[in-house]
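We did not get these values from a lab; they are worked out from the coordinates using the rules stated. Since this is a predicted model, take the numbers as computed values, not measurements. Positions of Cβ are generated from backbone atoms using ideal geometry, with glycine treated the same way; all protein chains shown enter the neighbour counts.
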Amino acid sequence: MPLRLGVIKEPAEGERRVAITPDVLPRLADAGLEVLVATGAGAEARFADDDYAKAGARLVSEPEALAEADILAVVGRPAAEEVHGRQTVVGLLQPLLHPEAMAAFAAGGVDTVSLDGLPRTLPRAQAMDALTSQANVAGYKAVLVATEHFRRYLPLLITAAGTSKPAEVLVLGAGVAGLQAIGTARRLGAVVRGYDVRPAAKGEVQSLGAQFVELTAVGPASGEGGYARALTPEEQAAQQEELAGHIARHDIVITTAQVPGRRPPQLVTAAAVAAMRPGSVIVDMGASDLGGNVAGSRPGQVMETANGVTIVGAGDLPSRLATSASAAYARNVTALLGHLLADGRLVVDLDDEITAGVVITYRGAVVHPATAALLPAAALPKEQP
Ligand code: NAD
């Protein structure tokens, strides 16, 4: 019997993405999977049940999809009680931020595969890189969200009614999302500046036609795997203070800074917000339950400060562009499953670099070293034969 891949409507409130889209179903069938789609699973991302059925999926109820699936494809982490032992959950599970949830999966015998553990710099992993595909969507949408709240044009406009000077946009954090935001804001005609703690970002920002902001108070802060390292409290305070002067001169500030497995660093303080001009807009892509890059931002909320600055808590941007985000994500998941499947069976070879990066729990144990390191020894279930 072929392995069954289940697709459900994402349980998290406000999440419009779906993990599998109709266009990848032929590839999943080629890989030997039967796909069960819960009715309405793709509706919020504008993928109709009919399109799944036409592409070869079997439409089932949500409980059936959950009960029958050998592999469950999700975007966000499901609750432990939604899945059952001997099931493999594939998604963006954030194991380093939620190690206890991973231990609970292991204890329940649930194998987990998390796309955020992928070794992203490996060329053969690029088709599976969901962090990149979702960050691209988010960076693009961040600019559009900013323009919705900004009450001026972005480009230089010379009209019979007079001249409108271009808006000045500052992007803090120039990784995948930040670079996409810079490119998008440039295409809309703004004057754009970018900043990052990784020195490698400078050339990338400049190659997009934006200026790179250099701080004198903070040195380079590259970490492992191409990521930034966390700043010390002293470095962070110096960075916040120096950035405040730049922030005050800009009309739109988009923040994207992340450090793997950490709360998003705060880059914009309340004092920096208070120094901005009325009508300015900040979009905080880091805004989540774990905090954000901007003092006072709240996930999913738009706030106006006493000095007329709009702060948008926008940690959910991929969900706001759910069709594009889901299509890209489904291709990433399909590529990863293609890597893990051989002759229609899941093959977990922890000596393989990609597999070792993404498999978090396996046969009752937390096998992902970085996740296991965050758990007390007592919480680590032992591997089952
Ligand atoms: P990320 O989401 O982890 O962080 C976003 C950005 O915030 C990063 O550029 C980071 O340097 C920056 N940042 C963190 N703390 C900061 C602070 N205190 N102040 C200012 N900026 C701060 O990063 P990402 O977008 O996932 O990219 C991480 C790295 O991975 C980059 O080097 C990127 O080029 C690389 N990458 C490589 C590939 C590939 O080789 N195929 C694919 C994707 C990403």
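For the chain, the relative contact order works out to 19 percent when only alpha carbon pairs closer than 8 Å and six or more residues apart are counted.
If a/c stays under 1.5 just call it rounded; otherwise compare a/b with b/c (prolate if a/b is bigger, oblate if not). Do that for the stretch 235-295, with a ≥ b ≥ c from the square roots of the Cα gyration tensor eigenvalues. Because a/c hits 1.5 or more and a/b fails to exceed b/c, the stretch 235-295 counts as oblate. Think of the stretch 294-373 as a dipole: +1 on every Lys or Arg Cβ, -1 on every Asp or Glu Cβ, centred on the Cα centre; then among Thr310, Ala365, Leu321, Thr310 lies furthest on the positive end. In the chain, the longest principal axis of the Cα atoms and the axis of helix 176-187 are about 50 degrees apart. Reducing the stretch 81-111 and the stretch 1-21 to their Cα centroids gives an inter-centroid distance of 15 Å. Its Cα centre serving as origin, the chain has a Cβ charge dipole (Lys and Arg +1, Asp and Glu -1) of approximately 1100 debye. Using a ≥ b ≥ c from the Cα gyration tensor of the chain (square roots of the eigenvalues), is it rounded, prolate or oblate, where a/c under 1.5 gives rounded and otherwise the larger of a/b and b/c decides, a/b for prolate? It comes out prolate by the Cα gyration axes.
Put the Cα centre of the stretch 228-270 next to the Cα centre of the stretch 344-369 and the gap is 35 Å. Oblate is the label for the stretch 289-385, because the ratio a/c of its alpha-carbon gyration tensor axes (a ≥ b ≥ c) is 1.5 or higher and a/b is not greater than b/c. May I ask for the angle, rounded to the nearest 10°, between helix 322-340 and the longest principal axis of the chain, with both axes built from Cα atoms and the value confined to 0 to 90°? The angle comes out at about 50 degrees.
Ranked by how many other Cβ atoms sit within 10 Å of their own Cβ, fewest first, the residues Ile311, Ile8, Ile282 fall in the order Ile8, Ile311, Ile282.
If you take every DSSP beta bridge fully contained in the chain, what fraction is antiparallel? Give it as a percent rounded to 5. The antiparallel proportion sits near 25 percent. Of the residues Thr21, Thr216, Val197, the one whose Cα sits farthest toward the positive end of the charge dipole of the chain, with +1 on the Cβ of Lys and Arg and -1 on the Cβ of Asp and Glu, is Thr216.
Mean separation of Cα pairs under 8 Å and 6 or more residues apart, divided by the residue count, gives the stretch 123-199 a relative contact order of 31 percent. For Ile254, the residues whose amide H sits under 5 Å from its own are Leu170, Val171, Leu172, Val283, ignoring neighbours fewer than 5 places away on the same chain, with H placed 1.01 Å from N.
Taken one residue at a time, the phi angles of the stretch 248-264 give Karplus couplings (6.51, -1.76, 1.60, θ = phi - 60°) of 4, 8, 9, 8, 10, 10, 10, 10, 9, 6, 9, 10, x, x, 10, 5, x Hz. Gly and Pro are set to x.
Spin-label model, Ser222/Leu350: points 7 Å from Cα along the beta carbon direction are separated by 3.1 nm. Spin-label model, Glu241 to His98: label points 7 Å out along the Cα-to-beta-carbon direction sit 3.9 nm apart. When you restrict to C-alpha pairs under 8 Å that are six or more residues apart and normalise by the size of the stretch 171-233, the relative contact order lands at 28 percent. On full extension, the segment bounded by Ala306 and Ala274 gains 10.7 nm, given 0.36 nm per residue less the C-alpha separation.
Treating the angle as unsigned and between 0 and 90°, give the value, to the nearest 10°, between the Cα long axis of helix 130-149 and the longest Cα principal axis of the chain. Tilt relative to the chain: about 40 degrees. Using a simple spin-label model with pseudo-atoms 7 Å out from Cα toward Cβ, Asp50 and Ala29 lie 1.9 nm apart. Cβ crowding within 10 Å, taken as a proxy for footprinting-reagent exposure, orders Arg263, Arg277 from fewest neighbours to most as Arg277, Arg263.
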